[in-house]
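What follows is a single structure, written as structure tokens, with notes after it.
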Amino acid sequence: MDTNIKGIVTELKCKTYFLELGYTVSTPENPVRYDFILDTGDKLLRVQVKTCNSDGEKLNFATCSSHFVNGKVTHTDYQNDNIDYFCTWFDNECYLVPVSECGKTEKNLRLVPTKNGQVKGICFAKDYIAKEVLSR
């Protein structure tokens, strides 16, 4: 499947998830850094959707955008003044990750514990399930 189509599918799954939870989802008419606004009733959150990959142990998604400019790839990271959360979809679950907890190029979320038992500095996917993040 084409990467643009994958991105559209991921975005539609995430939007549908929030709509089914009873939230209002608004899509901007003009180009901005976020894909949609999530209205929680208390706050308006700017959400950027990213398609993730998985190796079975972790999810991984880009935290920057890539574009061709003059034949070269340029990367632009996201900041707190651009978006509030990254959102991704994997295995029928939606994940919501604050941009402030992400690096400039990618984010990893562990699906299973590390083999050596390390937990310090590890982000577990279960801690970013969207409905749980929004209920905090």
Determine the pairs where a residue that is within 13 Å of I129 (Cβ to Cβ), located within region 82-105, has a partner that is part of a loop (DSSP other than H, G, I, E, B) and open to solvent by 50 Å² or more (accessible area, probe 1.4 Å) with Cβ atoms under 7 Å apart, the partner being 6 or more residues away or on another chain. T88/T51
Restricting to region 37-49, count the residues that are open to solvent by 70 Å² or more (accessible area, probe 1.4 Å) and under 19 Å from E132 (Cβ atoms). 2
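Conditions tested, residue by residue: (1) closer than 15 Å to T10 by Cβ; (2) open to solvent by 40 Å² or more (accessible area, probe 1.4 Å).
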| position | (1), (2) |
| --- | --- |
| I83 | no, no |
| T88 | yes, no |
| L96 | yes, no |
| C102 | no, no |
| G121 | no, yes |
| K126 | no, yes |
| A130 | yes, no |
Using the structure shown, decide if F36 is out of contact with any Gly (no Cβ under 9 Å at 6 or more places or on another chain), at pLDDT 95 or above and not basic (K, R). yes
Read through the list (1) farther than 22 Å from C123 by Cβ; (2) open to solvent by 60 Å² or more (accessible area, probe 1.4 Å); (3) in contact (Cβ under 8 Å) with a residue 24 or more places away in the chain, then give the number of the only condition that K13 fails. (1)
Taking G103, is it assigned to a loop (DSSP other than H, G, I, E, B) and either among the aromatic types (F, W, Y) or modelled with pLDDT of 95 or more (or both)? no
Take the conditions among the polar types (S, T, N, Q), at pLDDT 95 or above and under 14 Å from the mean Cα position of the chain (by Cα) and apply them to N53. Does it pass? yes
In the set K107, K72, the lone residue that is over 16 Å from the mean Cα position of the chain (by Cα) and either surrounded by 12 or more Cβ atoms within 10 Å (Cβ to Cβ) or not aliphatic (A, V, I, L, M) (or both) is K72
Top-ranked residue of region 1-39 - restricted to ones that are assigned to a helix (DSSP H, G or I) and of a type in the set (D, E, K, R), ranked as nearest to Y78 (Cα to Cα): E11
Does region 16-36 hold any residues that are within 15 Å of C87 (Cα to Cα), among the polar types (S, T, N, Q) and open to solvent by 70 Å² or more (accessible area, probe 1.4 Å), and which are they? T27
Condition first: part of a loop (DSSP other than H, G, I, E, B) and either farther than 20 Å from T27 by Cα or without any contact (Cβ under 8 Å) to a residue 60 or more places away in the chain (or both). Now tell me which residues in region 40-69 satisfy that. G41, D42, K43, K50, T51, C52, D55, G56, E57, T63
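The values are calculated or read from the model by the stated rules, or taken from the named source; none is laboratory data. All of these numbers come straight from a predicted model, not from anything done at the bench. Positions of Cβ are generated from backbone atoms using ideal geometry, with glycine treated the same way; all protein chains shown enter the neighbour counts. Side chains included, ligands, DNA and RNA excluded: accessible areas come from the protein's heavy atoms. Shrake-Rupley method; radii C 1.70, N 1.55, O 1.52, S 1.80 Å.
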